[in-house]
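The values are calculated or read from the model by the stated rules, or taken from the named source; none is laboratory data. What you see is a predicted model; the values in this text were computed from it and never measured. No Cβ is skipped: glycine too gets one built from the backbone with ideal geometry, and neighbour counts run over all protein chains shown.
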Amino acid sequence: MAVTAPVVAPPSGSPTAAAAAVAAAATSQATSRASDAVAAASADGTELLVAPRTAVHTRPTVAPTTTFHVTGFGRFHGVTDNPSARLVEGLPAALARSRAAAADSPGGLPIGRPVLASNTVLTVSTAAVDAALESLYDRIARDCVAAGTATASGRVVVVHFGVDTRARCFHLEAVAVNEARFGVADEANAQPWGCAVETGDLGDNVREGEGSMAENLAAAATAGKGPPPPAQRRSQLPLRAVLRALQMQGWNVSINHDAGRFVCNWTYYRSLVHVARLAATARVPTAASAPVAGGLAAAAVGAVTTSPRGPTPAAEGDSGAGSSGSDKACGGGFPPELSSPGSAVCRTPVAALFVHLPAAQSEADHKRFANFGAALLDVLAATAWP
């Protein structure tokens with residue numbers, strides 16, 4: 001696969017200045033919406049953000065600890081040295097550099113403390129991803145339930161990194177789609193095409209004020225508008241605030257609304273479904289707080305059906321041509337007993353995010369990408385949510 005994406009420019013300013021920007025930008029509170037950031041559409045369809053002109057910054061005295069679980073991917077078609085794997089492997093050292101620079105800055109360490117609980121490189125395979133996410137979210141659920149109210153001031157974020165060789169900057173992916181259209185087979189030779197990632201899942205509310213995805217799909221079918229679009233799930237993180245903070249540090253980053261239909265999108269959708277299951281347990285009062293049995297929010301790893309190969313190979317970020325909604329199953333659904341919350345309750349806020357990296361063309365790029373990963377975790381830890 002030809003790699004033509006340009007190298008992302010390094011952030012401007014010194015590491016100390018960048019660390020100070022985390023504390024200032026990520027915790028900023030605008031006095032009015034008139035000074036807030038303005039969204040604009042770029043040429044490639046991604047959402048860019050213009051930094052606000054004026055804002056009043058406040059520095060809270062207490063911030064929750066944010067625990068991070070970070071994943072990247074290994075090799076796949078045309079990408080023998082995946083930059084997301086190199087980022088994940090270099091992230092601990094990059095975080096250490098970031099903390100050291102922040103400690104030496106005039107403002108000291110930023111509010112919010114990122115804790116890297118795991119950094120894992122996944123095989124580019126639906127089966128491997130399903131098994132890894134099942135194990136990861138089972139661990140999160142067990143830790144959450146075991147801690148009880150002790151984690152009331154803590155948060156958990158699962159950050160997935162992947163590569164899109166056509167990207168011109170870092171993409172914070174806002175949306176995952178419940179559809180798989182693999183232009184090439186994954187590393188386990190599975191190639192789902194035109195089927196659902198999560199069988200029977202109808203997504204979440206796409207935008208405030210609209211009906212649920214189930215209502216929208218039913219309305220489209222009733223109106224005879226043809227196959228309804230596939231369901232979507234969106235990250236619950238405040239991506240505009242995160243974007244603003246990163247851009248103020250000099251990073252070339254944007255918000256994107258198409259994670260493709262390959263393994264990246266598969267991973268993101270599965271991850272957001274796990275997050276939704278954990279959130280459901282927090283909303284339902286229970287009579288007991290028993291330990292998690294058998295994986296509170298674990299997806300069943302179903303058999304993956306393969307279909308004839310698509311007409312052209314697709315990059316990791318490819319959206320696929322002619323995509324439409326489908327109720328044909330290619331991913332496993334949650335077992336019926338997990339569709340409703342059990343007796344164990346997780347009250348720790350949990351969120352997920354997928355980030356696409358551009359191609360790396362040098363060792364300097366790999367180090368810069370790891371520094372970006374550290375900056376992202378610092379910003380997420382310093383940003384107010386939920």
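What do you reckon, is residue 162 of a type outside the set (S, T, N, Q) and touching a strand residue (DSSP E or B) at 6+ places or on another chain (Cβ under 6 Å)? For residue 162, the condition - of a type outside the set (S, T, N, Q) and touching a strand residue (DSSP E or B) at 6+ places or on another chain (Cβ under 6 Å) - is met. None of 129, 62, 124 is over 26 Å from residue 250 (Cβ atoms), part of a loop (DSSP other than H, G, I, E, B) and at pLDDT 75 or above except 124. In the range 85-100, the residues that are acidic (Asp, Glu) never reach a residue that is modelled with pLDDT under 95 and surrounded by fewer than 16 Cβ atoms within 10 Å (Cβ to Cβ) with C-beta atoms less than 8 angstrom apart, at least six apart or across chains.
Here 197, 175 are screened, and the one residue that is touching a helix residue (DSSP H, G or I) at 6+ places or on another chain (Cβ under 7 Å) and modelled with pLDDT of 65 or more is 197.
Screening residue 272 with (1) within 24 Å of residue 369 (Cβ to Cβ); (2) in a strand (DSSP E or B); (3) within 12 Å of the chain's Cα centre (by Cα) gives one miss only, at (2).
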